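Structure first, commentary second.
The values are calculated or read from the model by the stated rules, or taken from the named source; none is laboratory data. All values derive from a computational prediction rather than experimental measurement. Every residue, glycine as well, gets a Cβ built from its backbone with ideal geometry; the counts of neighbours run over all protein chains shown. Ligands, DNA and RNA are excluded from the accessible area calculation, which covers all protein heavy atoms including side chains. Shrake-Rupley method; radii C 1.70, N 1.55, O 1.52, S 1.80 Å.
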Amino acid sequence: MKFTRALFWPLLVAIPAIAQTLTPLRPPAVPLILHDPYFSVWSAADHLSDAGTTHWTGKPNSLAAAVRVDGKVMNLIGGAGGRRGAPAATPLQQTRLEVLPTRTIYEFTGAGIRLEMTFLTPALPDDLDVLSRPLTYIEWTARSTDNSGHDVAVYFDAGPELVVNTADQPVTATRLQVDGQPVLRLGSREQAVLARRGDDVRIDWGYLYLAADNATGSAAAIGNRQTQRAAFTESGKLSETDELAESGDPERPTRPVLALSENLGKVGLQPVSRYMMIAYDDLFSVEYLQRREKAWWARNGATALDMLRVARKEHDTLLAKSKAFDTQLMDDMSSAGGEKYARLAALAYRQTLAAHKLAADADGTPMYFPKENFSNGCISTVDVIYPSAPFTLLFNPRLLEAQLSPVLEYAQMARWRWPFAPHDLGTYPQANGQVYGGGERTEENQMPVEESGNMLILLAALAKVEGNAHFSERYWPQLTQWAEYLKSKGLDPENQLSTDDFAGHLAHNANLSIKAIIALGAYGQLAGMSGRKPVADEYRQLAQSFAKQWIDLAKDGDHYRLAFDKPGTWSQKYNLVWDKLLGLNLFPADVARTEIAFYKTKMNAYGLPLDNRKDYTKLDWLLWTATLADNQADFERIADPGYQFANDSPTRVPLSDWYDTVTSKQQGFQARSVVGGLFIKMLADPAMWTKYANTALSHAGK
């Protein structure tokens with residue numbers, strides 16, 4: 001596949017919107033403000049007014065919003081009233097919810113108006129400066145529905161839970177200005193930067209910012225939520241007195257919120273639009289090998305106020321670009337996998353990004369760190385990067401480089417003494433060395449074949465999309481060591497863990513063997529691209545020989561086994577998809593066809609189980625397995641139950657990748673980056689892969 005470089009986003013603006021033709025999806029949780037593992041706010045309700053908003057971990061991250069129409073206040077977000085005895089407003093009827101890659105759109109109707117509230121995160125993958133900017137726009141558009149003019153004002157606030165790990169941590173607030181407009185700031189009092197690490201934790205350093213657009217009619221205030229809501233209800237304005245810190249009076253507790261109101265004026269048939277901005281400056285984002293690293297957007301010394309100033313200036317352009325990007329991507333995903341696939345992948349888009357942090361090393365090198373959410377909290381887990389990689393390979397291969405380089409730099413250090421690839425770099429946000437299993441101490445509970453195979457496959461995919469192996473050549477001794485390990489251990493793996501470690505150790509794992517075989521072919525492919533023809537020929541022949549042996553070891557009548565020594569078993573052979581995507585063709589095409597035919601006899605209501613042992617499955621692997629199909633009908637037969645799971649699951653959490661195929665209940669995991677694996681279907685179309693990847697490569701000058 002040759003990737004010709006061309007720009008695509010400027011061409012998108014003329015493409016008509018198709019969102020109204022797509023099958024509706026009821027998300028298990030709705031993405032609102034998604035940027036990184038800390039700044040990640042969701043609504044786990046069908047209607048925005050039904051429940052308070054939460055962090056991805058499920059702990060409160062309260063937002064509040066309301067609209068005032070002709071003097072009557074109606075609620076938009078749950079939790080905006082009713083606390084500590086304050087009256088709860090009647091909600092305005094929600095009539096539409098749509099989740100697109102960069103936007104979540106709510107529409108409300110009543111009191112003679114239609115109000116659209118949009119959470120816009122301009123996560124445009126070809127522009128790392130914008131992509132890394134931790135700022136979401138809250139867009140408001142109102143118009144009359146009864147041919148009469150109506151006085152309309154909107155209210156929005158953000159609570160102190162967004163800046164602390166637990167509610168008992170004290171916070172302080174202040175009022176600033178940008179270009180004459182008020183900016184509100186809130187943060188924890190202690191500011192223990194990068195001190196807390198772990199899985200089920202929230203940030204308690206850095207500062208939250210709330211600012212309005214630069215139009216007239218805005219008001220800003222800091223103080224008790226009920227006080228601000230009462231003032232807005234009474235007059236459409238806010239209290240004129242700020243309460244900048246918590247009250248020590250237990251009888252009259254004060255937890256300051258940041259509040260804004262926007263007066264839209266007299267609204268008629270012509271839409272009236274305004275916006276607000278909510279942002280978070282974490283000061284330092286991660287610690288890598290004891291070095292504190294800044295977020296990418298702040299690498300050249302930009303401050304939070306600089307960010308707000310630029311975001312205000314670029315608002316109109318970014319809104320237009322985001323709309324165009326959403327339209328094109330939804331259209332392309334519908335063409336590639338069907339409308340259900342497009343809806344599901346759209347839900348996964350911002351979640352994938354928000355499980356990462358893009359930082360800059362001291363020399364300006366981008367480093368993209370994923371967090372292993374609700375698994376063990378590890379940072380830069382290789383078998384999390386692997387399933388999420390279709391996202392970065394499609395939208396910006398430079399991000400995959402930024403994921404892999406911290407791992408590769410660590411692996412070539414003397415402290416990593418094993419002949420296989422590491423599992424992780426630490427516990428988020430401290431990437432100071434592997435903590436999983438035996439770590440740097442022993443080989444106990446390591447994933448040698450898994451992680452070595454992952455790295456070689458991903459590096460070959462990166463070289464394929466970039467058209468050269470320059471990145472891999474920097475680390476050739478490590479790659480060679482891992483290939484030699486797989487040559488020795490990969491065909492028939494010993495009793496060890498794979499990425500599906502929740503299922504326990506398994507010897508002679510047939511799917512893990514596929515990974516090792518493809519990784520050996522990938523290493524040979526890299527050798528050929530880097531001018532090492534004898535090595536390329538050797539490893540190509542080795543991988544072909546192993547693939548033939550695999551068929552004899554795994555064959556079990558009308559399918560292939562879970563483990564070579566276990567007749568009557570079966571499993572998803574999702575790793576096989578890379579044989580197709582990399583163009584290695586090590587396995588006969590009939591292997592995939594045989595498996596797909598067998599899988600269709602094992603389907604449950606919500607998908608294909610991971611293997612014969614349990615009813616649970618993995619959403620990412622389900623889509624990888626579906627992509628093995630050589631026709632659209634079979635792809636949809638296997639993939640569409642994943643959509644149905646998301647639509648029906650009673651477990652209201654950010655999209656889980658591990659669930660029960662009979663009940664649709666979450667088995668574990670949520671809000672993880674591995675849902676980026678859903679985009680693998682787009683890689684199966686070379687033209688589609690070229691189209692998106694080269695936009696980013698051209699932008700980066702590659």
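Assorted remarks:
- The chain, accessible surface, carbon-and-sulfur percent (1.4 angstrom probe): 48 percent
- Prolate/oblate/rounded label for segment 356-397 (Cα gyration tensor, a/c 1.5): oblate
- The chain: angle of helix 339-354 to the longest principal axis, Cα-based, in degrees nearest 10: 80 degrees
- The chain, dipole about Cα centre (Lys/Arg Cβ +1, Asp/Glu Cβ -1), debye to the nearest 20: 540 debye
- Ranking G112, L512, L283 by Cα position along the charge dipole of the chain, where only Lys, Arg, Asp and Glu carry charges on their C-beta atoms, puts G112 farthest toward the positive end.
- The antiparallel fraction among DSSP beta bridges confined to the chain stands at about 95%.
- Proximal lysine pairs, segment 320-450, alpha carbons under 25 Å, eight or more residues apart or interchain: 5
- When the chain is described by a simple charge dipole with +1 on each Lys and Arg Cβ and -1 on each Asp and Glu Cβ, the residue from Y410, N495, L208 located farthest towards its positive end is L208.
- Charged side chains reduced to their Cβ positions (Lys and Arg at +1, Asp and Glu at -1) give segment 608-653 a dipole of some 260 debye around its Cα centre.
- In terms of its C-alpha gyration tensor, the chain has a prolate overall shape, because the principal axis ratio a/c (a ≥ b ≥ c, square roots of the eigenvalues) is not below 1.5 and a/b outweighs b/c.
- Largest to smallest in accessible area, the residues D126, D501, D424 fall in the order D501, D126, D424 (1.4 Å probe, all protein chains included).
- The order of W140, W570 by accessible area, most exposed first and with a 1.4 Å probe, is W570, W140.
- Under the shape rule built on the C-alpha gyration tensor, where the axes satisfy a ≥ b ≥ c, segment 118-168 is oblate, since a/c reaches at least 1.5 while a/b does not exceed b/c.
- You can think of it this way: the chain between D50 and A167 has 39.9 nm of extra reach, that is 0.36 nm per residue less the Cα-Cα gap.
- Between segment 630-702 and segment 277-292, the alpha-carbon center distance in angstrom: 29 Å
- Relative to the longest principal axis of the Cα atoms of the chain, the long axis of helix 589-599 lies at roughly 60 degrees.
- Straight-line reach from K464: taking Cα to Cα under 17 Å and skipping same-chain neighbours fewer than 8 places apart, the aspartates and glutamates in range are E401, E473, D579, D685.
- Whichever lysines have a C-alpha closer than 24 Å to that of K548, once near sequence neighbours (fewer than 8 apart) are set aside: K487, K489, K515, K533, K566, K573, K580
- Based on the Kirkwood approach, the hydrodynamic radius assigned to segment 426-581 is 16.3 Å, with every pair of different Cα atoms included.
- The alpha carbon centroids of segment 34-79 and segment 388-452 are separated by 36 Å.
- Normalised Debye scattering of segment 219-366 at q = 0.09, 0.13, 0.15, 0.20 Å⁻¹ gives log10 I(q)/I(0) of -0.53, -1.01, -1.14, -1.19, counting only Cα atoms as equal scatterers and leaving out solvent.
- Spin-label model distance (nm) - R415 vs Q93, 7 Å beyond Cα toward Cβ: 6.2 nm
- Helix 397-411 and the long axis of the chain differ in direction by around 60°, with both axes built from C-alpha atoms.
- Hits among aspartates and glutamates - C-alpha to C-alpha of K313 under 13 Å, sequence gap 8 or more where chains match: D179, D213
- Residue-averaged [θ]222 nm for the chain, counting only DSSP H segments that reach four residues, each worth -39500 (n - 2.57): -10500 deg cm²/dmol
- Stokes-Einstein translational diffusion, segment 147-294 - Kirkwood Rh over all Cα pairs, 0.890 mPa s, 25 °C, in µm²/s: 145 µm²/s
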